[in-house]
1. Karplus couplings for the range 110-122 from phi (6.51 cos²θ - 1.76 cosθ + 1.60, θ = phi - 60°), rounded to Hz, Gly and Pro as x?
2. Using only the Cα atoms of the range 80-150, construct the convex hull and provide its projected area averaged over every direction, in square nanometres to one decimal.
3. Using amide H atoms built in the peptide plane, which far-off residues or other-chain residues are under 5 Å from Ser70 H to H?
4. Rounded to whole Hz and in sequence order, give me ³J(HN,Hα) for the range 133-147 from the Karplus expression 6.51 cos²θ - 1.76 cosθ + 1.60, θ = phi - 60°, writing x for Gly and Pro.
5. Need one number: convex hull volume per residue for the range 15-133, Cα atoms only, in Å³.
Amino acid sequence: MHHRTKRTGANPLRREADRTRTRMHAAFALTCLLAVIAGFALGRAAWTDGHRAAENIARHRHTVTATTISDAAYRAGDQPSSRPVTVATATWHYPAQRPHTGTVPVPAGTRNGDTVRVWVDEIGRATAAPPSQADVAVTAVGIGTGALAGIVLAGGALVAVRLRIVDARSARSWESEWAGIEPLWSGRLRPGQGGGDD
């Protein structure tokens, strides 16, 4: 026994449950490291793809000068949780010989007859501005952070379940061992043991 312990480097005072807990903690630490690497990689890929897509969109969108034909008014945002936006009806030409009319976002307080800048697509229809670098960065950070959190939570849940199983088994083993040792330690008779029994 002494030679095997020395050869394997095992601590004879440590139970298998203790070694399992150590392995589980090491596995969770490794999971966290892998989560950071995966989150960074996915965030960087999202940044690269988003930056490329934003540049492609920007090549097909342009700003033109439009003239409002109504005062600015508030309109509900596109999303239920978004703030109201100020819009007005305006006219513009794009290409130069093609007139367009539409409702476009304008600064608050814009009056009838004011000039505003409007984003349009290649045939002159009003459209949203291309994604900014800040928009791309926020999306990339969100993807990377989401991946990191998801991996850590999943790994943590698996480790927690495994540790609960180990703890339950350890408790049952302890109770079984204590049931055999406690009568000898306390001098109390075990159930079914007579006074003359060994």
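Every number here is computed from the coordinates shown, using simple stated rules; none is lab data. Computed from a predicted structure; not experimentally measured.
1. Each residue of the range 110-122 in turn: 5, 10, 4, x, 6, 9, 9, 8, 10, 7, 9, 8, 6 Hz.
2. Working: hull surface 28.7 nm².
Directional mean of the projected Cα hull area for the range 80-150 stands at 7.2 nm².
3. Placed amide hydrogens put Thr89, Gly113 under 5 Å from Ser70.
4. Computed from phi, the couplings for the range 133-147 are 4, 5, 4, 5, 5, 4, 5, 5, 5, x, 5, x, 5, x, 5 Hz.
5. Values: hull volume 16.8 nm³, N = 119.
Looking at the range 15-133, the number lands at 141 Å³ per residue.
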